[in-house]
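> Take a look at the following structure, please.
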Amino acid sequence: MKTKNRKRNIEAAGMRVFTLLAVLLTTAAMAEPVDSLLSRAEYLFFNRHLAPGNLDSAYALIAECRQLEPENQQSLYLWSRIHVQKGDDARKKADRIRLYDRAKVIAESLKTLNPDNPDGWMWWAVAEGRIGQVRGVLNSLFMVPSLKQSFSRVLELDSGYVTAYDAFGVLYYELPGLFGGNLAKSEEFLVKGLHLDPNYTVLRLDLAKVYMRRKQWQKARDQLNLLIATPNPTFPADCAFDDRPEAQQLLRQIEGK
């Protein structure tokens, strides 16, 4: 009888060890696919110009990751960013605001989860700024203090976060002078961003606009031509869909000046 009990105890212990190993292996197996899925989603998103379905495929992959690991910070960042992009692509004002607001809520979740992750601060501010743009100038002006605070926080956390330099540059470019607009500050931030990443094409586009407003036509042309000739843009789809076409349009606009 004692031999049988000992045998049962050994079998039970073995089963517990097997179960524990199965749980550990399952957890490890889940961690790898999420990283792999996010890498694939990121590639599809930033290369959405290569195939019509890439944006929707990236969206589906990130949605899957959100189910597997709801608190994965990279997943939250991409989830917020892709909603901003969908808002940019939407035609109806109501749809744009809804998508930007969703992006803002997601970024807020990331900020709450990890206040030291600059992605949460950056994409909360991007979504907030987009909402202000859609709703009109007065709403945008009302948001300026919180936007500046968020952009500053991003650079406190990561001084190499290039998107924040572009955001500051655009903010100082677009604001009326009475409300803090300043072309010198705009140029300063955009040039700093380009020193960090010469392949971030929207920085060149925005810097060219600063020069155009100052009527520095040759400097504007130089930036636009450099943008068009950029061989490896940091964000290929943004360059292909937005930055390069606008640069070509602006070059035609200032031809002969």
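> Of Lys93/Lys185; Lys104/Lys148; Lys209/Lys257, which pairs sit farther than 23 Å apart, going by alpha carbon to alpha carbon?
Lys93/Lys185
> Order these by the 10 Å Cβ neighbour count, fewest first: Phe142, Phe46, Phe241, Phe151.
By the 10 Å Cβ count, ascending: Phe142, Phe241, Phe46, Phe151.
> How high is the FRET efficiency from Ser36 to Arg98, r the C-beta distance, R0 30 Å, rounded to 0.05?
Once rounded, the FRET efficiency stands at 0.45.
> Any idea what the relative contact order of the chain is, in percent, if you count C-alpha pairs under 8 Å spaced at least 6 apart?
Relative contact order, the chain: 12 percent.
> Which order results if Asp35, Asp206 are arranged by neighbouring Cβ count within 10 Å, fewest first?
Asp35, Asp206
> State the label only: which of (1) 135; (2) 212; (3) 166 corresponds to volume of the Cα convex hull per residue in Å³ computed from the shown model?
It is the one labelled (3).
> Among all stretches of the chain without exposed GluC sites (Glu not before Pro) (DSSP loop, at most 11 other Cβ atoms within 10 Å), which one is longest?
72-254
> Here's a follow-up. Which FRET efficiency value, to the nearest 0.05, do you get for Asp158 and Gln249 by plugging their Cβ-Cβ distance into 1/(1 + (r/R0)^6) with R0 = 25 Å?
In this case the efficiency is close to 0.15.
> Along the Cα-to-C-beta direction of His49, a point sits 7 Å from the Cα; which residues of region 166-206 have their amide N less than 11 Å from that point?
201-202
> Efficiency by 1/(1 + (r/R0)^6): what FRET value for Arg214 and Ala63, r their Cβ-Cβ distance, R0 = 41 Å, to the nearest 0.05?
Efficiency for this residue pair is about 0.35.
> Sticking with this one: Would you calculate a helix-derived [θ] at 222 nm for the chain, using -39,500 (n - 2.57) for each DSSP H run of n ≥ 4 and dividing by the full residue count, to the nearest 500?
Result for the chain: -26000 deg cm²/dmol, rounded to the nearest 500.
> Here's another thing I want to ask about it. Hey, what did region 114-257 get for relative contact order, percent, Cα under 8 Å, at least 6 apart?
16
> Using the charge dipole of the chain (Lys, Arg: +1 at Cβ; Asp, Glu: -1 at Cβ; taken about the Cα centre), state which of Tyr211, Gln248, Thr112 has its Cα farthest towards the positive end.
Most positive-ward Cα: Thr112.
All of the numbers you see were taken from the coordinates with simple rules; none came from a lab. What you see is a predicted model; the values in this text were computed from it and never measured. Heads up, the Cβs are rebuilt from the backbone with ideal geometry, glycines too, and the neighbour counts pull from every protein chain shown.
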